[in-house]
Amino acid sequence: MSSLSEVNFSYSHYQNTLQKYLDEKYQFIKMSDVLKNLENENIFILRHDVDKSVKKALDLAKIEHQLGIKATYFLRLHSNYYNPFGYIVQELVKQIRSFGHEIGLHTEFLDFSEILGESAISTFEKEIDVFQTIFGEKPKTYSFHRTTGATDIETLKEFSEEIFEKFGIIGSYDQRISENFKYLSDSSGIWREGCFSQHIGKYSRMQVLIHAEWWFDKNINLEESLV
Ligand SMILES: [Zn+2]
């Protein structure tokens, strides 16, 4: 059982933990380099699904940059919280990319295809085009934004195969990643298997998903996890 005192979402804890992985000689790779690293040792994919705040994502991007780490930031097109076409996000993303971080697509094509009444793959293709229009390059990788009552993992894996065949873009549910990389996530502000600070040196390949929304300059001890 992890007690509240062990749950720390402060920026300093984030920075210290990443430093410890560096001390253990982990190599941080971008998501688009994953297929080259399926069998390599001490590989770390630092992934950010930017659900609500690109501003907070930039905070983490700066911390990583100070440590010489490259991460991958997945951006939404349909968020109600930020506008990828707008001035603010454009400037924030420019700064994130200037640190050498990768950007990818945080896709919502399954939910959106239902609203639009068209095939999921057609919607995905549109998202790629829109992403390219906004950010000037096609996404090399994507991750699924999962809403409540979302599609099951098996379906997501099937779509991952189809998308890789059609577009050559790798997704977070790709079987080759799940088979070779230990996956840890702070989804909903809960580390189900304990904070990533408790796993240093345990796995030769890791994919760690961090949502910037849960992290703060000063640690806030939450009475209960937010959903
Ligand atoms: Zn998401």
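Taking segment 14-50 as the range and being surrounded by 15 or more Cβ atoms within 10 Å (Cβ to Cβ) and among the charged types (D, E, K, R) as the test, the residues that pass are Lys30, Asp33, Arg47, Asp49. Pairs meeting the criteria (first residue in segment 133-147 and in contact (Cβ under 8 Å) with a residue 40 or more places away in the chain, second residue among the polar types (S, T, N, Q) and in a loop (DSSP other than H, G, I, E, B), beta carbons under 6 Å, at least 6 apart or on different chains) are Ser143/Ser172. Looking across segment 108-123, the residues that are free of Cβ contacts under 8 Å to residues at least 40 places away in the same chain and within 17 Å of Lys166 (Cα to Cα) come down to Phe109, Ser119, Ala120, Ser122, Thr123.
Of the residues making up segment 48-66, those that are among the hydrophobic types (A, V, I, L, M, F, W, C) and in a helix (DSSP H, G or I) are Val54, Ala57, Leu58, Leu60, Ala61, Ile63.
Taking Tyr173 as the residue in question, decide whether it is in a loop (DSSP other than H, G, I, E, B) and touching a residue at least 24 places away in the same chain (Cβ under 8 Å). It is true that Tyr173 is in a loop (DSSP other than H, G, I, E, B) and touching a residue at least 24 places away in the same chain (Cβ under 8 Å). Per the conditions (1) charged (D, E, K, R); (2) at pLDDT below 95; (3) touching a strand residue (DSSP E or B) at 6+ places or on another chain (Cβ under 9 Å), the sole criterion not satisfied by Lys70 is (2).
Residue count for segment 192-205 satisfying the condition of being in contact (Cβ under 8 Å) with a residue 60 or more places away in the chain and in contact with a Leu (Cβ under 7 Å, 6 or more places away or on another chain): 1. Residue count for segment 120-151, restricted to those that are within 16 Å of the ligand (Cβ to nearest atom) and at pLDDT 95 or above: 7.
Residue pairs whose Cβ atoms lie under 9 Å apart, separated by 6 or more positions or on different chains, with the first residue in segment 43-54 and within 17 Å of Pro139 (Cβ to Cβ) and the second at pLDDT below 95 and aromatic (Phe, Trp, Tyr), are Asp49/Phe144.
Within segment 100-108, can one find any residue that is crowded, with 17+ Cβ neighbours inside 10 Å, touching a His at 6+ places or on another chain (Cβ under 8 Å) and part of a strand (DSSP E or B)? Yes, segment 100-108 has at least one match.
Exactly one residue among Ser187, Ser160 is polar (S, T, N, Q) and closer than 26 Å to Ser10 by Cα, and that residue is Ser187.
Residues to consider are Ile45, Ile69; find the one that is more than 15 Å from the ligand (Cβ to nearest atom), within 23 Å of Gln15 (Cα to Cα), part of a loop (DSSP other than H, G, I, E, B) and aliphatic (A, V, I, L, M).
Ile69
The values are calculated or read from the model by the stated rules, or taken from the named source; none is laboratory data. This is a predicted model, so every value here is computed, not measured. Methodologically, a virtual Cβ is constructed for each residue, glycine included, from the backbone with ideal geometry; neighbour enumeration extends over all protein chains shown.
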